[in-house]
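The values are calculated or read from the model by the stated rules, or taken from the named source; none is laboratory data. The structure displayed is predicted, hence computed values, not measured ones. Here the Cβ positions follow ideal geometry from the backbone for every residue, glycine too, while neighbour counts run over all protein chains shown. In case anyone asks, the SASA skips ligands and DNA or RNA and just uses the protein heavy atoms, side chains included. Shrake-Rupley method; radii C 1.70, N 1.55, O 1.52, S 1.80 Å.
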Amino acid sequence: MEWNLDRFVAAEINEQGLPLQVVSAPREADFVMTSLYQDLGSHMISPGHVIQVKIVAVDGGKQVWSAEVNDYAVFFARLRPHGSGRAAEAIVKRLRNSSSRSNP
């Protein structure tokens, strides 16, 4: 994944205790997480990134989950925490929330 996001997501999955086993090689996995990373910037928001994440099945490539995370260092002139760690935290939080809604 771009921005070394895979390392941060794996660490965050372990830290939050999600019931997932993270492997390093796609051939060992049932599902693969990929991302598309885009730089953004404007006079109101700079610098910024949008990260689109999806999880697909290894056999057949069917998408089973997706999310989009925005990461801005400055938002309407206010400095806020940002970076790979914050983006990974947001991704795993969305993954946790969607899995808890699907498992009553």
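Here are some notes:
Quick grid of which residues meet (1) in contact with a Lys or Arg (Cβ under 8 Å, 6 or more places away or on another chain); (2) at pLDDT 90 or above; (3) part of a loop (DSSP other than H, G, I, E, B):
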site	(1), (2), (3)
20	no, yes, yes
24	no, no, yes
27	no, no, no
88	no, no, no
92	no, yes, no
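- Taking the stretch 1-41 as the range and being open to solvent by 40 Å² or more (accessible area, probe 1.4 Å), of a type in the set (D, E, K, R) and under 14 Å from residue 87 (Cα atoms) as the test, the residues that pass are 2, 6, 7, 39.
- Scanning the stretch 65-86 for residues that are hydrophobic (A, V, I, L, M, F, W, C) and either in contact with a Leu (Cβ under 9 Å, 6 or more places away or on another chain) or at pLDDT 95 or above (or both) yields a count of 3.
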